[in-house]
Protein chains: 2
Amino acid sequence: MDSADLLDLLGNANRRRILQLLAHKPCYVTEISEYLGVSPKAVIDHLEKLEAAGLVESRVDEKRRKYFHIARNLRLEVNVSPYEFGTKSAYPASAVDVTTCRYVSIETAVTDGDDGDADTTELARQLDRLQDLETELSMAQRWVHGRLTEVMEALTEQLAGEDSRLLSDVLSALAAGSGTVDELSRRVEAPPEVVAEALHRLAEEGVVVHDGDEWRLPD
Amino acid sequence: MDSADLLDLLGNANRRRILQLLAHKPCYVTEISEYLGVSPKAVIDHLEKLEAAGLVESRVDEKRRKYFHIARNLRLEVNVSPYEFGTKSAYPASAVDVTTCRYVSIETAVTDGDDGDADTTELARQLDRLQDLETELSMAQRWVHGRLTEVMEALTEQLAGEDSRLLSDVLSALAAGSGTVDELSRRVEAPPEVVAEALHRLAEEGVVVHDGDEWRLPD
């Protein structure tokens, strides 16, 4: 899927809301329809477009209910400036991970922000280096994006059981910063009592700790 | 402008084509309409939407012709994975440049791709570090994007004259990699004879060199 197709898909607010929901948990049509306040017919139409693009897949559970989930791992970057309108979409390839250190420790000689007296040749060289830097940073982010997904997968697997997804989400929310039950509840969009129970279960396993009301990952 | 508004705007192929055109050079309505094969009325409608969002601006030249150009410098990033649907848009702030080295030389301890025997606590920590890394890379990219625009501006200024924009575009295309006149002509979307003349003028100033048919920036 190229950037144009992806932008066409993401240019619709309801499709974005469906993806937000599915990133949270796999859902069936009625669920999505009720959550969005949109007719099942419209939801099916959006899901068909997302499926056709390979962004979403479905599987049928033992009760013969069809669940949809996000199938793809991808990143889109758009740059807009008076001199540029560039779009780039890419799939994170874990195959690039061996070389990652190279991307992140790239030359930063271009970082002196002063071009007051740079001549044209020097500016052209800076342009060259900045374009390389942009490419390398983009590669590094593709790698990070791929690794994040792998770690989330591994977490979900380790926290096996019915609510492994919720536990992983709570951990992911904590990874973004410590917080109280109420704050974490807003971050994972789940009721406070559910989040509180998840935190206590994770604390029993030593995966999270708390200082008073503040929950965090152990140091 | 938030990511949702930006995605709504970019979800339209003709608006994307208008932005592509304006990134190349400021244009007036009839020009855009002819280039796109779209009615002037439709072009005006798209331009109004882009102007309302602050993405595009216009100015009137001495012949009272209204030229449109891209007004904003911004970046949009979208991450899609089974666990995430995240969009982020940001304006590159040159104010962050002093701290840039920090972002680019970030800790890469997370880069061992092997979580075969990582326990839950270790995975949660990796998640934390990866999220930090993602944020820092994103900041570094905003900075690069801002610097690229500044360098293009400085170049356009130095190559003063009627076709300074074309000369800058040719330099930018060369910065992305050496090439023959025909290749560069495709990259900047200008006729080969125009590009050849630009290259010879740049060569006179020592800004570009060539080995046979291959043009490049000097080492």
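The values are calculated or read from the model by the stated rules, or taken from the named source; none is laboratory data. None of these values were measured; they are calculated from a predicted model. Methodologically, a virtual Cβ is constructed for each residue, glycine included, from the backbone with ideal geometry; neighbour enumeration extends over all protein chains shown. The accessibility values were calculated without ligands, DNA or RNA, using every heavy atom of the protein model including side chains. Shrake-Rupley method; radii C 1.70, N 1.55, O 1.52, S 1.80 Å.
What ratio of Cα Rg to 2.2 N^0.38 Å holds for the stretch B:133-183?
The value comes to 1.44.
What's the longest piece of chain A with no exposed trypsin sites (Lys or Arg not before Pro), counting a site as exposed if DSSP puts it in a loop and it has at most 15 other beta carbons within 10 Å?
It works out to A:66-219.
Expressed as a whole percent, how much of the Cα-Cα distance distribution for chain A exceeds 29 Å?
Beyond 29 Å sits 46 percent of the P(r) for chain A.
Given a 10 angstrom Cα cut-off, can you work out which residue in A:Ala124, A:Ala175, A:Ala196 is the most mobile in a GNM of chain A?
Maximum fluctuation in the GNM of chain A, among the listed residues, is at A:Ala124.
Between B:Ile44 and B:Arg186, what length in nm is gained on full extension when 0.36 nm per residue of separation is reduced by their alpha carbon distance?
Answer, rounded to one decimal: 48.3 nm.
Given a Förster distance of 41 angstrom, what is the FRET efficiency for B:Lys66 paired with B:Glu204, based on the Cβ-Cβ distance and rounded to 0.05?
Efficiency for this residue pair is about 0.70.
Mind checking B:11-17 for the average number of partner chain beta-carbons within 10 Å of each residue's beta-carbon?
Averaged over the peptide's residues, the number is 4.
Compute, for the stretch A:160-216, the length of the dipole vector about the Cα centre, with Cβ point charges of +1 (Lys, Arg) and -1 (Asp, Glu) only. Units Debye, rounded to 20.
Dipole magnitude for the stretch A:160-216 comes out near 200 debye.
Convert 25 °C to kelvin, take the viscosity as 0.890 mPa s, use the Kirkwood radius over C-alpha pairs of the protein assembly as shown as Rh, and evaluate the Stokes-Einstein diffusion coefficient in µm²/s, rounded to a whole number.
It diffuses with D of about 102 µm²/s by this estimate.
Among A:Asp169, A:Asp45, A:Asp128, whose mean-square fluctuation peaks in a Gaussian network model of chain A (Cα, cutoff 10 Å)?
Answer for the Gaussian network model of chain A: A:Asp128.
Using a cut-off of 16 Å between alpha-carbon atoms, which aspartates and glutamates can reach B:Lys49, once sequence neighbours fewer than 8 places away in the same chain are excluded?
The reachable aspartates and glutamates, counting only those whose Cα sits under 16 Å from B:Lys49, are B:Asp2, B:Asp5, B:Asp8, B:Glu57.
In peptide A:205-212, how many Cβ atoms from other protein chains are near each Cβ within 10 Å, on average?
For this peptide, the per-residue mean of nearby foreign Cβ atoms is 2.
What residues does the stretch A:141-157 have that are buried by at least 40 Å² of accessible area in the full protein assembly compared to the chain on its own, 1.4 angstrom probe?
In the stretch A:141-157, residues shielded by partner chains: A:Gln141, A:Trp143, A:Val144, A:His145, A:Arg147, A:Leu148, A:Val151, A:Met152, A:Leu155.
Considering all alpha-carbon pairs of the stretch B:160-216, what whole percent are spaced by more than 16 angstrom?
28 percent
Tell me the relative contact order for chain B as a rounded percent, counting alpha carbon contacts under 8 Å between residues six or more apart.
Averaging sequence separation for qualifying contacts and normalising by length gives 12 percent for chain B.
Taking the Cα centre of the protein assembly as shown as origin, sum charge times position over the Cβ atoms of Lys and Arg (+1) and Asp and Glu (-1), and report the length of that vector in debye to the nearest 20.
Using Cβ point charges on Lys, Arg, Asp and Glu, the protein assembly as shown gives about 1900 debye.
Considering only the other residues whose Cβ falls under 12 Å of the Cβ of B:Lys49, what net charge follows from Lys and Arg at +1 and Asp and Glu at -1?
That works out to -4.
Once the Cα gyration tensor of the stretch A:1-91 is found, what semi-axes does its equivalent ellipsoid get, as square roots of 5 times the eigenvalues, in whole Å, sorted largest first?
Whole-Å semi-axes of the equivalent ellipsoid: 28, 14, 10.
How shielded is B:19-31 by partner chains, expressed as the average number of their Cβ atoms within 10 Å of its Cβ atoms?
What the average comes to for B:19-31 is 2.
Looking at chain A, identify the longest residue range that excludes and avoids all GluC sites (Glu not before Pro) in DSSP loops having at most 11 other Cβ atoms within 10 Å.
Within chain A, the longest run free of exposed GluC sites (Glu not before Pro) spans A:1-61.
Return an integer: the convex hull volume of the alpha-carbon atoms of the stretch A:1-41, in Å³ per residue.
Measuring per residue, one finds 81 Å³ for the Cα hull of the stretch A:1-41.
On full extension of the chain, what length is gained from B:Val194 through B:Asp163, given 0.36 nm per residue of separation minus the C-alpha to C-alpha distance?
10.1 nm
Among B:Gly179, B:Gly86, B:Gly146, which one shows the highest mean-square fluctuation when chain B is modelled as a Gaussian network with alpha-carbon springs under 10 Å?
Maximum fluctuation in the GNM of chain B, among the listed residues, is at B:Gly86.
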